[in-house]
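Written out below as structure tokens is the structure these notes cover.
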Amino acid sequence: MDFTWLAASGVLVGIIIFALKVSLGCGLASLSRREVLLIAAGYLGISLFMGVAVELLPDDLLTTALDAGVALHLLVAMLLVALGVMTARDWNSHRHDISRKTFWVLSMPCPACLAASFISCSFLAEIAKIDAWKIGVVVGLLFFFSIAAFSGFLGRIKRAPSAMGHAMIFLGLFYLMSMLIIPAYLNSQKISFVPTDLQFMEVAYSYLTILSIVGLGFIARKRGIPI
């Protein structure tokens, strides 16, 4: 198989998965069609900007953008878990629907996902010998139609607001777990079979992430939220 098509299919599948995450918030919060289309149009605009910016920014700055996105990953994960617990708890305990106040954490652009998409578009434009702005148009249109379609489908499924809360908790815990995987992936080319000294901050960071996951699960169970 041509490597260009393999790379393109990987980027497009990643975009569709990202669009599904956005659609979970829009669809399960029962947003109106106009609201969904506004959010989808926002992602179209972001993709067009990415396509133009890829041609203007140096590679070093793109790498810095990816590192910054990963650094904000932890904040997004904590927000997903915290607001997911609130959404599920308020509905299960008080039949109070706050999904329209908390859906944004699912539907907003994830810094790490955007940074990864940014790098992927740059890579795809380079190997396919296509103008980056054209890649941005394709990615933006894919975002727009995927978000509109997935949100419409999920909106027709009558689910309690707690379902969105549970989805947020699951994704938040998944994001926390990925914090252990992403740095290892980014440094995969630096792996050596020669033993090296571990840095204290690296070890502390790994333990802090694991303890955060355990602590959040304990709090959720104490509040009677199944996860």
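A short reminder: the numbers here are calculations on the coordinates, not readings from a lab. Note that the coordinates shown come from a computational prediction; the quantities given were computed from them, not determined experimentally. Cβ sites come from the backbone with ideal geometry, for glycine too, and all protein chains shown count toward neighbours.
Which ³J(HN,Hα) values, rounded to whole Hz and listed in residue order, are derived for the stretch 123-140 from phi using the Karplus coefficients 6.51, -1.76 and 1.60 in 6.51 cos²θ - 1.76 cosθ + 1.60 with θ = phi - 60°, glycine and proline given as x?
5, 5, 4, 6, 7, 8, 6, 10, 4, 4, 5, 5, 4, x, 5, 4, 4, x
Got a sec to turn the phi values of the stretch 72-82 into Karplus ³J(HN,Hα) couplings, 6.51 cos²θ - 1.76 cosθ + 1.60 with θ = phi - 60°, whole Hz, x for Gly and Pro?
7, 4, 5, 4, 4, 4, 5, 5, 4, 5, 5
Once amide H atoms are placed 1.01 Å from N in the peptide plane, what residues at a sequence separation of 5 or more from residue 108, or on another chain, have their amide H within under 5 Å of its amide H?
none
Can you compute 3J(HN,Hα) from phi for each residue in the stretch 12-26, using the Karplus curve 6.51 cos²θ - 1.76 cosθ + 1.60 with θ = phi - 60°, rounded to whole Hz and x for Gly and Pro?
5, 5, x, 5, 5, 5, 4, 5, 5, 4, 4, 5, 4, x, 5
Under the Kirkwood approximation applied to all pairs of distinct alpha-carbon atoms, what is the hydrodynamic radius of the stretch 84-132 in Å?
Hydrodynamic radius (Kirkwood, Cα pairs) of the stretch 84-132 is 13.6 Å.
Can you tell me which of 11-21, 131-141, 164-174 comes out highest on packing, and rank the rest after it, using the mean Cβ neighbours within 10 Å?
Ranking the peptides 11-21, 131-141, 164-174 by packing returns 164-174, 131-141, 11-21.
What is the calculated FRET efficiency for residue 52 to residue 145, with r their C-beta to C-beta distance and R₀ = 22 Å, to the nearest 0.05?
0.55
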